[in-house]
Amino acid sequence: ALQAVIFDLDGVLTDTAEFHFIAWQSIAQDLGVDFNLDDNEKLKGVDRHNSLQHILNKGNLTIDEQAFNQLLDRKNKHYLSLIAAITPQHLFEGVLACFTALKARGIKIGLASASKNATLVLNKLGIESLFDFIGDAASVKNSKPAPDIFLSVAAGLGVDAHNCMGIEDAAAGITAIKSAKMYAVGIGDKNTLNQADQIFTTFDLLNLHLSDCLTAF
Ligand code: B16
Ligand code: MG
């Protein structure tokens, strides 16, 4: 039976993808690499290190470790300055109602974000205290599409993976949920997320159909 729902953050609970895009685009521009919305789509759910590697590969570039780390640091400082403006108003429609409904059913709530800034963003959204367990992206070995972060959150919640539902907006994230042997719900485009067990265009639609969604588990 369903005992926990584990949420991704960026693109599921709020739209930070645009801030990641602006920060990566500035780095790509300085490297002379073209970086468009298509690239950004591929980087959804991909961690910071692998995102920079994607940009370097696209430009056929190699740089030494020190330069690599400096770029990671610069990207993050830029990203932090952009997310400083996040308030509870940036929470997607339906999130609070969904969390309330899950709690009323005794279902636990977890977070499985690839972002090392996840706790900060949750705090700015005003929802940090609603989670029963928040995964730590920095401490998992393999990033999405590997199942590690979802498995670590299930363990933290004390729930078996097969009793968990994962919610993701990225293809890499849906793969991670399925590899963890969990039930996968996608938020976004049907074609991009076709591996998911159920797909909703927006979080609000998931919330409106929450009872059906949970029954299908
Ligand atoms: P950071 P999610 C992911 O978050 C983002 O989708 C991805 O674009 C970003 O590069 C990654 O977090 C790492 O974020 O640089 O803040 O550690 O979708 O898994 O919540
Ligand atoms: Mg995401």
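Candidates are the residues of region 1-27 that are within 14 Å of ligand 2 (Cβ to nearest atom) and assigned to a helix (DSSP H, G or I); the one that is farthest from L122 (Cα to Cα) is F21.
Residues that are in contact (Cβ under 8 Å) with a residue 40 or more places away in the chain, small (G, A, S) and surrounded by fewer than 16 Cβ atoms within 10 Å (Cβ to Cβ) were ranked within region 1-35; the one that is nearest to ligand 1 (Cβ to nearest atom) is S26. The residue list I63, I134, I83, I107 contains one member that is surrounded by 16 or more Cβ atoms within 10 Å (Cβ to Cβ) and more than 16 Å from A4 (Cα to Cα), which is I83. Of the residues making up region 172-186, those that are crowded, with 23+ Cβ neighbours inside 10 Å and within 11 Å of ligand 1 (Cβ to nearest atom) are G173, A176. What about K124, is it basic (K, R), surrounded by 17 or more Cβ atoms within 10 Å (Cβ to Cβ) and either under 17 Å from L91 (Cα atoms) or within 16 Å of the chain's Cα centre (by Cα) (or both)? Yes: the conditions hold for K124.
When each of D73, D38, D30 is tested for being assigned to a helix (DSSP H, G or I), over 22 Å from L151 (Cα atoms), among the acidic types (D, E) and under 18 Å from the mean Cα position of the chain (by Cα), the lone residue that passes is D38.
Could you list, in sequence order, all residues of region 162-171 that are within 14 Å of ligand 1 (Cβ to nearest atom) and assigned to a helix (DSSP H, G or I)? Once the filter is applied, which keeps residues that are within 14 Å of ligand 1 (Cβ to nearest atom) and assigned to a helix (DSSP H, G or I), region 162-171 yields only A171. Suppose the filter is away from ligand 1 (no atom under 14 Å from the Cβ), more than 17 Å from V46 (Cα to Cα) and touching a residue at least 40 places away in the same chain (Cβ under 8 Å); does V159 pass it? Yes: the conditions hold for V159. In region 137-168, the qualifying residues are those that are farther than 27 Å from D73 by Cβ and acidic (D, E), and the one that is surrounded by the most Cβ atoms within 10 Å (Cβ to Cβ) is E168. Taken over region 101-117, the criterion of being of a type in the set (A, V, I, L, M, F, W, C) and either away from ligand 2 (no atom under 15 Å from the Cβ) or farther than 21 Å from D204 by Cα (or both) is satisfied by A101, L102, A104, I107, I109, A114. Does any residue of region 45-61 turn out to be out of contact with any helix residue (DSSP H, G or I) (no Cβ under 7 Å at 6 or more places or on another chain), more than 14 Å from ligand 1 (Cβ to nearest atom) and closer than 21 Å to A138 by Cα? The answer is no, given that none of the residues of region 45-61 is out of contact with any helix residue (DSSP H, G or I) (no Cβ under 7 Å at 6 or more places or on another chain), more than 14 Å from ligand 1 (Cβ to nearest atom) and closer than 21 Å to A138 by Cα. Residues that are part of a helix (DSSP H, G or I) and within 12 Å of ligand 1 (Cβ to nearest atom) were ranked within region 135-147; the one that is nearest to the chain's Cα centre (by Cα) is A137. Of all residues in region 99-117, none are over 14 Å from the mean Cα position of the chain (by Cα), in a loop (DSSP other than H, G, I, E, B) and farther than 20 Å from G158 by Cβ.
Pick out the one residue from G94, G110, G135 that is closer than 26 Å to T175 by Cβ and in contact with a Cys (Cβ under 9 Å, 6 or more places away or on another chain).
Testing whether each residue is closer than 26 Å to T175 by Cβ and in contact with a Cys (Cβ under 9 Å, 6 or more places away or on another chain) leaves just G110.
Looking only at residues of region 120-139 that are of a type in the set (A, V, I, L, M) and in contact with a Phe, Trp or Tyr (Cβ under 9 Å, 6 or more places away or on another chain), we find that the one that is nearest to T14 (Cα to Cα) is L122.
Each value in this text was obtained by applying a stated rule to the coordinates, not by laboratory testing. No experiment lies behind these values; they were computed from the predicted model shown. Cβ atoms come from the backbone with ideal geometry, glycine included; neighbour counts cover every protein chain shown.
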